[in-house]
Every structure is written in structure tokens, then in C-alpha cells.
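The values are calculated or read from the model by the stated rules, or taken from the named source; none is laboratory data. Note that this is a predicted model, so its numbers are computed, not measured. All Cβ positions, even for glycine, are placed from backbone atoms using ideal geometry, and neighbour counts span all protein chains on display. Side chains are part of the model used for accessible areas, which takes the heavy atoms of the whole protein and leaves out ligands, DNA and RNA. Shrake-Rupley method; radii C 1.70, N 1.55, O 1.52, S 1.80 Å.
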Amino acid sequence: MGKPQFSHATAESTRGPDHAPLLVSETFTSRQGEGRLTGTDSFFIRTSGCNLRCWFCDTPYASWNPSGDRQSVESLVDAARHSGAGHVVLTGGEPLLSPAVSELSRSLMDAGFHLTIETAGTIDKPIPCDLLSLSPKLADSTPDPEQHPRWSRLHEQRRMPIATMRNLIDAALAYQVKFVVGDRSQFGEIRQVVDSLGVANEDVYIMPQGVTTAAMDAAIEWLRPLAEAAGYQYCDRMQIRWFGNRRGT
């Protein structure tokens, strides 16, 4: 998989006036556990902060209760160099929230890393990367309106901007579209989103909802046949099988 070519003018256009550090929840070296690059040794940069609130979020320390330390673009690129990995995953939370994400993305690619950006696709921002990993949030992801009235309303308003997602896909060198599925009834909505985005079925990855090996095993029985019958890729969450549901993996 090659890298996109940016002219000097294009690269400069991604620079903002504010080079403030990014709020980073954690960085770690592990293996990519999801999608087409599963098994690839990777350095992960998890930014903190999110404009959505999925009720099942497995990284609440980067969304519901965002925490972390301010780190500069230079320090993050340096940490990636020292990781020994050739692949960097920029994830969150929602990494596109940060004003410095375009500068970080460009700096990582200029340093020779293969870069994946994982995003819910709700923010249209110029982000150079080798692989756009788009994760649209289905209706089932919305938090309970009685427990979280404000976030339930905002999440529902923000979760599915098809035009923004389409812009991100059109600007990407390569992409994958990942859906977290907890019930077979969600496949109707998935088909609608896939059709609206105009993406190929083979670029769609279906992942089970759950954070245990037992949940992954149970999902394979019913979810994998449904995904394959629709022409989608079934995508286990291998980091849970390898390491369990814990930070730094």
C-alpha cells in the first residue's frame, strides 16, 4: 500500500496558526487487532476527547471521562521513532478534534511511517494518511436519553453525517469502513449506510460488540455468517483475544 503524494503547497495548507500540543490519553506499542492490517506491529497514539458518546465505548478515559497529558507533535513523532514500529495508528476518542492533528499526520508520514487514522467520520478535516479507518456509529450506539439527555441528543445529531464521511473517503488513498454490531437487526441500517456512502462491500468490516473472549466466541456463531452473506468482511477484535480488555493494547 503506497503513500499519498502531497505537493509542498498542499502540505502547507494543512498547517494551522495554532501548533498547541495534543491532549493524549496514551501511547503504546502493540499489534493492530482490527481491520485489514490486523497483526501489524504498530505504535498507537490515542488522543483524548470525543464529540460522541457511544454507550458501549471501551475507552471511556478518552471520551466519557477524557484525561491525559499535553504532548507536542515533535515528541509524539520521536516516540514513534523509538517504538521500532513502521506503522502508526492515530486513534481516540476522536483524533480529528485536535487542531494539531493535520500537522501530526503530515509529520508522521514525512518521517516514513505508514499511518492509519481511526475516526467516526463526523469532522471534515484535511488529514494525510495511508489508511482511513472509518467507523460510522449506528442508531444503537446512542446513550440512554433519560440517563444522559444532553449527550443522547448531541450524539444522535452528530453520529451520521454522510456527506462528511464521503468527503473523507474521497480524499483518502485507501479506506476501510468498520461497524460495531450487537444485534442482527442492525444489518438493515448497515446496508443503508453502505449504499449512501457508495463503498464496496469488500471494504466493509463487521466487528462484534463486546470486550471479552466469550463475547467474541458467541458472536462468531451468528455474526460471521451474516457478514459473509452480505459480502462484508468479518473482523474479530483480536486485541481482546491477545491481551484481554485492558489499556495499552
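Which of the numbered conditions does Gly182 fail, given that it passes all the others? Conditions: (1) of a type outside the set (S, T, N, Q); (2) out of contact with any Asp or Glu (no Cβ under 8 Å at 6 or more places or on another chain); (3) more than 30 Å from Gly86 (Cα to Cα).
Every listed condition holds for Gly182 apart from (2).
Residue-by-condition table, conditions (1) closer than 12 Å to Cys54 by Cβ; (2) over 16 Å from the mean Cα position of the chain (by Cα):
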site	(1), (2)
Gly121	no, no
Leu134	no, no
Thr142	yes, yes
Pro145	no, yes
Pro149	no, yes
Leu168	no, no
Ala172	no, no
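Could you list, ordered by first residue, the pairs with Cβ atoms under 8 Å in which the first is in the stretch 184-213 and closer than 17 Å to Arg159 by Cβ and part of a helix (DSSP H, G or I) and the second is open to solvent by 10 Å² or more (accessible area, probe 1.4 Å) and among the charged types (D, E, K, R), at least 6 apart or interchain?
Sorted first by the residue in the stretch 184-213, then by its partner, the pairs are Gln186/Asp140; Leu197/Arg166.
Here's the yes/no breakdown for (1) over 26 Å from Phe243 (Cα atoms); (2) part of a helix (DSSP H, G or I); (3) touching a Leu at 6+ places or on another chain (Cβ under 9 Å); (4) modelled with pLDDT of 95 or more:
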{"position": "Gly39", "(1), (2), (3), (4)": "no, no, no, no"}
{"position": "Ser42", "(1), (2), (3), (4)": "no, no, no, yes"}
{"position": "Arg70", "(1), (2), (3), (4)": "yes, no, yes, yes"}
{"position": "His82", "(1), (2), (3), (4)": "no, yes, no, yes"}
{"position": "Ala85", "(1), (2), (3), (4)": "no, no, no, yes"}
{"position": "Leu104", "(1), (2), (3), (4)": "yes, yes, yes, yes"}
{"position": "Leu115", "(1), (2), (3), (4)": "no, no, yes, yes"}
{"position": "Gly121", "(1), (2), (3), (4)": "yes, no, yes, yes"}
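Which numbered condition trips up Gly49, out of (1) at negative phi; (2) modelled with pLDDT of 95 or more; (3) part of a loop (DSSP other than H, G, I, E, B)?
(1)
When you scan the stretch 199-208, do you find a residue that is within 23 Å of Leu131 (Cα to Cα) and open to solvent by 50 Å² or more (accessible area, probe 1.4 Å), even just one?
The answer is yes; a qualifying residue exists.
Based on what the data block shows, is Leu76 at pLDDT 95 or above and either touching a Pro at 6+ places or on another chain (Cβ under 6 Å) or open to solvent by less than 60 Å² (accessible area, probe 1.4 Å) (or both)?
yes
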